[in-house]
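The values are calculated or read from the model by the stated rules, or taken from the named source; none is laboratory data. Bear in mind the structure is a predicted one, so any value in this text is a computation, not a measurement. For neighbour counting, all protein chains shown are included, and Cβ atoms are generated from backbone atoms with ideal geometry for every residue, glycine included.
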Amino acid sequence: MKKKVNYTDDRGEMPEKLFVVSEDVLPSPAEFARALEREKVTINLSAGSLSKFRRVAKKHRMPYQALIREVLDRVARRIE
């Protein structure tokens, strides 16, 4: 025999403390546009370097090209 379900008179109202409003986590439109400004390049990497990038990217479950781009972006920011 199935268990009987007891329904309450819930009006769908949620307690205010259940949700916390936080700051906007999305980047600003300017930051987002800057992230989209990309140019295609061709580079020759050593086989060892490429295999390291691929291994690290696989460990972090991301494309190795994205990892290389992120590393180059961080280095470029440091030398500016």
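Pairs needed: first member in region 33-48, under 19 Å from residue 64 (Cβ atoms) and outside any helix (DSSP H, G or I); second member anywhere, at pLDDT 85 or above and not hydrophobic (A, V, I, L, M, F, W, C); C-beta distance under 9 Å; at least 6 residues apart or different chains.
Hits for this filter: 38/69.
Within the set of pairs 6 or more residues apart or between chains, which connect a residue that is in a helix (DSSP H, G or I) inside region 63-79 to a residue that is hydrophobic (A, V, I, L, M, F, W, C) and surrounded by 11 or more Cβ atoms within 10 Å (Cβ to Cβ) with Cβ atoms less than 7 Å apart?
64/53; 64/57; 67/53; 67/56; 67/57; 68/53
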